[in-house]
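> Take this structure, written in structure tokens, and hold onto it; I'll ask about it next.
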Amino acid sequence: MKQFLSVVILGMALIACQQKKYGAFIVSGKIQNSPSNKILLEALPFGAQQPVVVDSTTLASNGNFELRGTASAEGLYLLAIDNGPQILFINDSKDIKVEMDAHNYKSYTTKGSAASTALHQFLEAYINKFGPLADAYLQADSLQNTPHPDSALLASINLRKETLLNNFNNFLAQTIKESNSAAFTYYVIGKAFKTMQPDAIKQLVDISATKFKDNAGIQRLQEIINAQLASDPKVALLNKPAPNFTLADTSGKMVSLNNFKGKYVLVDFWASWCSPCRHENPNVVAAYNKFKDKNFTILGVSLDNDKSAWLKAIHDDKLTWTQVSDLKQWQSSVVDLYKISGIPFNVLVNPQGIIIGVELRGEELQNKLAEVLK
């Protein structure tokens, strides 16, 4: 999936959306304090590895310029100063005005292009919202890598991280839903691939495909995502019966997943040696303590091969629910059964034995449990 996402993101960053005839357009304006008097107009066509130069000119002594292009579709373009800053814009009108001070290029202005103005506003908001999210991830990683992390502090940071992530993804989703430009929509979807789950992105692509039903690029993106999700083993588990398995618990007693029918059960695949798993365990403990009296439990399935390390991690992380393992690490029978390619990994199973959630983390896990355990 990661390889697929990187390809799609590249395609989105280099997109020319085919929707309606646009013809010739002019980009003009004024650039102050430019490090170079050469300025380029570059197109970002779909599938290209590099921008394509459409036009170039020399800045006048007062910084004025004019560039011309011809396009049959709305797409993304760069206004690029040689060895200097670049401005991303969209050719949604025939006459676009740009003004910029190269010493403070982020405060540039565009006129005559509603999509370019929206893009600029989005980029500013994106930076302001992404910064705190990135800091929270760094904080959590730094604390997790200490010899004896404070579990309460780690849980607090993880909760803040999940809140920021949900808010950030809501911002992206709302931007996509409100967009009136196919090219802008493509660009924001490209950003969404970095933080949103594939099924959430699919919903947004489906909405966009309906809105821009004549847009070949978005329609093609919808086809690609549908095909990829259909073949993704994790997504394929959703709404299917949970495969049964039987493994030994910490005392050697054999335990089957089917034993838990009639309850909501989170099947949590983890290991003592897995740093991200240990990082997530405080969130899992918090969810268990909050919902354990509402017909909910957890079945921990370890991919350990060292029993003493497994038992120590259970004790240290305060995992009080049933734990099972065949101590075969990646040779465990559950790996193929659940198509596990990495841990932590979990599935939420309803009382009828149907998987109703996959890879639920932090606040997302608590939200899902609150939804089904009303």
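> Among Gln49, Leu172, Met254, whose Cα projects farthest towards the positive end of the dipole of the chain, with charges put on the beta-carbon of Lys, Arg (+1) and Asp, Glu (-1)?
Going by the Cα projections, it comes out as Met254.
> Taking only DSSP H segments of four or more residues, each worth -39500 (n - 2.57), what value at 222 nm results for the chain once the sum is divided by all its residues, to the nearest 500 deg cm²/dmol?
-14000 deg cm²/dmol
> Then there's this: What does the charge count around Ile225 come to, taking other residues whose C-beta lies under 11 Å from its C-beta (Lys +1, Arg +1, Asp -1, Glu -1)?
My count for the surroundings of Ile225 gives -2.
> Rounded to the nearest 20 debye, what is the charge dipole size of the chain about its Cα centre when +1 sits on each Lys and Arg Cβ and -1 on each Asp and Glu Cβ?
Roughly 640 debye for the chain.
> How big, in percent, is the set of alpha carbon pairs in the chain lying more than 32 Å apart?
Cα-Cα pairs in the chain separated by more than 32 Å: 46 percent.
> Along the charge dipole of the chain, which of Asn281, Gly357, Thr163 sits closest to the positive end, that is, farthest toward it, with unit charges on the beta carbon of Lys, Arg, Asp and Glu (+1, +1, -1, -1)?
Farthest along the dipole direction, towards plus: Gly357.
> Something else about it: Helix by helix, which DSSP H runs in the chain go 30 Å or more along their axis at the Cα atoms and have an average Kyte-Doolittle hydropathy of -0.5 or more?
Taking the DSSP H segments of the chain (at least 30 Å long, mean hydropathy at least -0.5), we get 114-144, 151-178.
> Out of all Cα-Cα pairs in segment 106-250, roughly what percent, to the nearest whole number, are more than 27 Å apart?
Of the Cα pairs, 43 percent sit more than 27 Å apart.
> Stokes-Einstein diffusion coefficient for segment 314-374 at 20 °C in a medium of 1.002 mPa s, Rh from the Kirkwood formula over Cα pairs: what value in µm²/s?
It comes out at roughly 157 µm²/s.
> Out of every Cα-Cα pair in segment 203-286, what percent are more than 20 Å apart?
When all Cα pairs of segment 203-286 are counted, 62 percent exceed 20 Å.
> Tell me the net charge near Phe168. Cut-off is 14 Å between Cβ atoms, Phe168 excluded, with +1 for each Lys or Arg and -1 for each Asp or Glu.
After counting each charged neighbour, the total is +1.
> Let me ask something else. Count charges around Leu40 for me, please; just the other residues with Cβ under 11 Å from its Cβ, Lys/Arg as +1, Asp/Glu as -1.
Its environment carries a net charge of -2.
> Report the convex hull volume per residue for segment 246-372, counting only C-alpha atoms, in Å³.
97
> Could you give the size of the charge dipole of segment 157-243 about its Cα centre, using +1 on the Cβ of each K and R and -1 on the Cβ of each D and E, expressed in debye and rounded to the nearest 20?
180
> Normalising by the residue count of the chain, find the relative contact order in percent from Cα pairs under 8 Å and 6+ residues apart.
14
> Give me the percent relative contact order of segment 246-372, please, defined on Cα pairs under 8 angstrom at least 6 residues apart.
It comes to 33 percent, rounded to a whole number.
> Another question, if that's okay. Quick check: the distance between the Cα centres of segment 181-203 and segment 215-269, to the nearest angstrom?
24
> Looking at the chain only, what percent of DSSP beta bridges run antiparallel? Nearest 5 please.
For the chain, the DSSP antiparallel bridge percentage is about 70.
Here, each number is a calculation from the coordinates, and none is a lab measurement. Note that the structure is predicted; figures quoted are calculated from it, not measured. Backbone-built Cβ (ideal geometry, glycine too); neighbour counts: all protein chains shown.
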